[in-house]
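These notes concern the structure reproduced below.
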Amino acid sequence: MPDAGGTERKGAAGAAPVLTAALHVPMSREASLAQAQHVIRSIVASRHDRPSLVAQIACEIGAEIVEAIIPPGHDLNTVELARRYQTSRTPVREALILLENEGLVDIPPRRRPRAHVHTMIEVSEVYRTRTVLFELMATDSAKRATEADIEVLRGILARMQQAAELGDITAFSWLSVEFHDFDTRLSGNTTAKRIHDSLLLRSLAIRRLSLSQPTRMARSLEDHIQLVKAYENHDSNLAGAILRANHTAALASVEHYFQKTGTLTLPHAVAAQPEKNGEN
C-alpha cells in the first residue's frame, strides 16, 4: 500500500531489503546471488510475459552473469543449459533472448550466445543517461518527500554506513540499489522510473567496479547522506546537483580504471573481497 506521501513500498524493480538487521560480517556470495536473482525476477515479472520455466532460467543465468560466476564473454551452451534444467532448448533460447533484451547476453548471428562484454562507450552512454534521469527524479523527490519517506531512506542509509565501515562493496552496492529503487518511486515520475529500470541490469556489475576504486565508497556514502538532508529541506536544486555529481564521479572512476587496465572487469579475487579499511 502507498504511504502517506503516496510512495508504493513495492516497486517495479522490486529491490528486496538487503540487510534488515545490524551488519556484522560482509555479505556472502550466496546472499548476493540471491539478491541478484530477486532483482532480475522482479524486472522479468514487470517487463516480460514469459512462462515460469523461461523466467526461472533467465533469473538464474542472469544472476550468475551479474555476479561474474559466468564471466563476460563466456559462451552459453544451450545444450548444456537444457540438460541443466531438464528441458528442451526452446525455453533456454527464450530465456537468453530475454536476457539479451536486458543487456546481459549477446546473441551473434550463427554463433553461440555469450555473456555480454561491456564497452567503455556503452558504459559512458548508460551513466550519462542515468545521470539525467536521476537528476530529474531527485528534484521531484525533494518536493514530494514526507517524513515517513525520509525515515525509510534513513534506515537504508544506516545500513549503507554499516557496509561502508566493513568495507563491504557488495552489500553497499545492493543497498544503493534498494535506496534508489525507493527514491525513484518517490519521485512519482513513472516514465523516468521505467527507463531507469530498463538500464538497471546493465549497470550492476559496473557499479560494483566503480565502488571498488579508492575513496569511491566513502564518497558515495557522503553523497547519499547529503541527498537525504536535501530531501529533509525540500531543496530540489541541491538534490539534483548531488546526484549529478555522484554519477559524474562514478563514471570518472570507471574511465580511470579502464585507462589503467584496458578492461571493465575486476579480477575475480578482488571482486569477491571487501574493500580494505583505510582505502575508502
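Considering only residues that are hydroxyl-bearing (Ser, Thr, Tyr) and in a helix (DSSP H, G or I), look in segment 151-199 and name the one that is surrounded by the fewest Cβ atoms within 10 Å (Cβ to Cβ).
Let us first name the residues in segment 151-199 that are hydroxyl-bearing (Ser, Thr, Tyr), namely 170, 173, 176, 184, 187, 190-191, 198.
Now restrict to residues that are in a helix (DSSP H, G or I): 170, 173, 176, 184, 190-191, 198.
Numbers: Thr170: 25, Ser173: 25, Ser176: 23, Thr184: 27, Thr190: 11, Thr191: 9, Ser198: 16.
Here the residue is Thr191.
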The listed residue being touching a residue at least 60 places away in the same chain (Cβ under 8 Å) and surrounded by fewer than 18 Cβ atoms within 10 Å (Cβ to Cβ), out of Arg110, Arg128 = Arg128
Scan segment 169-203 residue by residue and report those that are of a type outside the set (S, T, N, Q) and over 25 Å from Leu98 (Cβ atoms).
-> Ile169, Ala171, Phe172, Leu175, Phe179, Phe182, Asp183, Leu186, Gly188
For segment 76-86, state whether one or more residues are among the hydroxyl-bearing types (Ser, Thr, Tyr), under 22 Å from Ala36 (Cα atoms) and modelled with pLDDT under 95.
-> no
Out of all the residues in segment 240-259, which are over 19 Å from His118 (Cβ atoms) and in contact with a Leu (Cβ under 9 Å, 6 or more places away or on another chain)?
-> Gly240, Ile242, Leu243, Asn246
Of all residues making up segment 154-207, the number that are among the aliphatic types (A, V, I, L, M) and over 19 Å from Ala250 (Cα atoms) = 6
Please state which of the following conditions Arg144 fails to meet, knowing it meets all the rest: (1) of a type in the set (Lys, Arg); (2) under 21 Å from Ile43 (Cα atoms); (3) touching a Gly at 6+ places or on another chain (Cβ under 7 Å).
-> (2)
Scanning segment 80-96 for residues that are surrounded by fewer than 17 Cβ atoms within 10 Å (Cβ to Cβ) and in a helix (DSSP H, G or I) gives Glu80, Arg83, Arg84, Arg89, Thr90
Qualifying positions in segment 69-79 - assigned to a loop (DSSP other than H, G, I, E, B) and free of Cβ contacts under 8 Å to residues at least 60 places away in the same chain | Ile69, Ile70, Gly73, His74, Leu76, Asn77
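The values are calculated or read from the model by the stated rules, or taken from the named source; none is laboratory data. Computed from a predicted structure; not experimentally measured. Don't worry about glycine lacking a Cβ; one is built from the backbone with ideal geometry, like all the others, and counts go over all protein chains shown.
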